[in-house]
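Student: Please read through the structure below; I'll follow up with questions.
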Amino acid sequence: MKKLLYSFLIFASATLFAQKSTTTKFAVADNIVGTVDMFNAKKDLVQSMHVYKTAANLPQALKKFSYLADNGIAEFKLKKTEVLDRISLAQLNEQEGVAKSTPVLIDGYEFTDTDTKVYADIFKKIEVKDNNGQKAVFISTK
């Protein structure tokens, strides 16, 4: 009985950690992932914005980010692109002592392509935790 209870608790906690955030709204600018909140805080850098409500409505250039469109996805055009720090998820994995090709979780969304670049401004909390028996980087944007 104890084994069953412990198994359930472990499964429940793993499921809880891996849940996608219902409040995170991802955004893309120059093929780099950020959040709408991040861009709203930097309005002086924004030239224009277009919001896509569903993955089906995404233009071809954004189709590779369709897994992030649960809450819609915004595309931003920036006045100056060199102003914001960016990093690839493979580089972040290396910094955190994790294998370069290990998927990264951002607010519960799994980024399997570690060549994806993200804006460093979205990082509020970075942790290395166990994800299905493998060390992985977990990022919180809130």
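Student: Which length gain, in nm to one decimal place, applies between ASP115 and GLN95 when the Cα-Cα distance is subtracted from 0.36 nm times their residue separation?
Tutor: Working: separation 20, 0.36 × 20 = 7.20 nm, distance 1.45 nm.
Contour length minus the Cα-Cα distance gives 5.7 nm.
Student: Among ILE73, ILE32, ILE122, rank each residue by its count of other Cβ atoms within 10 Å, from fewest to most, as a rough exposure measure.
Tutor: On the way: ILE73 25, ILE32 18, ILE122 21.
Ascending number of Cβ neighbours within 10 Å: ILE32, ILE122, ILE73.
Student: Which of the following values of mean projected area of the Cα convex hull in nm² was calculated from the structure shown: (i) 8.9; (ii) 8.5; (iii) 9.4?
Tutor: (iii)
Student: Using θ = phi - 60° and the Karplus curve 6.51 cos²θ - 1.76 cosθ + 1.60, what whole-Hz ³J(HN,Hα) does each residue of region 43-50 get, with Gly and Pro shown as x?
Tutor: The phi angles translate into 4, 5, 8, 8, 8, 7, 9, 9 Hz.
Student: Something else about it: Mind giving me the FRET efficiency for ASP44 and LYS64? R0 is 25 Å, r the Cβ-Cβ distance, nearest 0.05 is fine. Don't skip to the end; give the middle numbers.
Tutor: Details: r = 28 Å, r/R0 = 1.14.
Calculated transfer efficiency: 0.30.
Student: Amide H of VAL46: which non-local residues (sequence gap of 5 or more, or other chain) have their own amide H closer than 5 Å, using H built in the peptide plane?
Tutor: Result for VAL46 returns LYS79.
Student: For LYS53 paired with LYS129, estimate the spin-label separation in nm (one decimal), with each label point 7 Å from Cα along the Cα-to-Cβ line.
Tutor: For LYS53 paired with LYS129, the spin-label model returns 3.3 nm.
Student: Moving to a separate point now. Ranking VAL51, VAL83, VAL28, VAL36 by Cβ neighbours within 10 Å, fewest first, what do you get? Provide the component values of the computation, followed by the final result.
Tutor: Working: VAL51 13, VAL83 10, VAL28 21, VAL36 18.
The fewest-first ordering by Cβ neighbours comes to VAL83, VAL51, VAL36, VAL28.
Student: Also: Taking the chain as the reference, fit the longest principal axis to its C-alpha atoms, fit the long axis of helix 2-17 to the helix C-alpha atoms, and give the angle between the two in degrees, 0 to 90, nearest 10.
Tutor: 10
Student: Using a Gaussian network model of the chain with C-alpha springs under 10 Å, which one of ALA99, ALA61, ALA90 is most mobile by mean-square fluctuation?
Tutor: ALA61
Student: For every helix of n ≥ 4 consecutive DSSP H residues, a contribution of -39,500 (n - 2.57) applies; sum these over the chain, divide by its total residues, and give [θ] at 222 nm rounded to the nearest 500 deg cm²/dmol. Working shown, then result.
Tutor: On the way: 3 runs with 28 residues, N = 142.
My calculation for the chain gives -5500 deg cm²/dmol from helical runs alone.
Every number in this text was worked out from the coordinates using simple rules, so none of it is lab data. All values derive from a computational prediction rather than experimental measurement. FYI the Cβ positions are ideal-geometry reconstructions off the backbone, even for glycines, and counts take in every protein chain you see.
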